[in-house]
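The values are calculated or read from the model by the stated rules, or taken from the named source; none is laboratory data. Computed from a predicted structure; not experimentally measured. Here the Cβ positions follow ideal geometry from the backbone for every residue, glycine too, while neighbour counts run over all protein chains shown. SASA here: full protein model, heavy atoms, side chains in, ligands and nucleic acids out. Shrake-Rupley method; radii C 1.70, N 1.55, O 1.52, S 1.80 Å.
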Amino acid sequence: MARKTPQPHDPPTLTVKGRDVRIRTIGIAALAVLAIWFIAANTASVAIRLWVPTVTLPLWAVLTVTLAVGLVMGWFIARRRARR
C-alpha cells in the first residue's frame with residue numbers, strides 16, 4: 001500500500017497501530033483522562049456560597065459542572081471564531 005505524502009498544510013499526525021492520528025486528538029484525550037481522574041479523586045462534600053443561598057454538594061459534582069460549562073463556552077467561542 002502506498003504511503004500518502006503529507007501536504008504542506010496537513011495537521012501533524014502520528015501513526016498508531018497503522019492509523020494516522022492527529023497530535024491534537026492525542027492531547028485532548030490525555031486532558032480528558034486527567035480531568036476524569038481529578039474529578040474522581042475529589043469526592044468530599046463542600047459548601048458553596050451562591051449569591052444568596054449556601055449549598056453543600058460533593059466536590060465531584062461541582063467539578064463536573066464546571067468542566068461542562070467550560071467545554072460549552074469553548075465550543076461556542078471556537079464556533080464563532082470559525083465563522084469569521
Open item on the list: Could you give each residue of the stretch 53-66 its phi-based ³J(HN,Hα) in whole Hz, using Karplus coefficients 6.51, -1.76, 1.60 with θ = phi - 60°, and x for Gly or Pro?
Closed with: x, 10, 10, 10, 9, x, 4, 4, 5, 5, 5, 5, 5, 4
TODO: Could you tell me which label, among [x] 5.3; [y] 9.2; [z] 7.7, carries the value of mean projected area of the Cα convex hull in nm² calculated for this structure?
DONE: [y]
Open item on the list: Students often check this: by mean Cβ neighbours within 10 Å, which of 37-50, 61-74 ranks highest, and how do the rest follow?
Closed with: 61-74, 37-50
Open item on the list: Compute the angle between helix 23-41 and the longest alpha-carbon principal axis of the chain, please, reported from 0 to 90 degrees and rounded to the nearest 10.
Closed with: 20 degrees
Open item on the list: If you roll a 1.4 angstrom probe over the protein chains with everything in place, what fraction of the accessible area of the chain belongs to carbon and sulfur, to the nearest %?
Closed with: 68 percent
Task: Dipole axis of the chain (+1 Lys, Arg; -1 Asp, Glu on Cβ), positive-most option in ALA30, ALA40, LEU63 - done: ALA30
Open item on the list: Using amide H atoms built in the peptide plane, which far-off residues or other-chain residues are under 5 Å from VAL46 H to H?
Closed with: LEU57, LEU59
TODO: Give me the accessible area per residue for the chain, probe 1.4 Å, as a whole number in Å².
DONE: 94 Å²
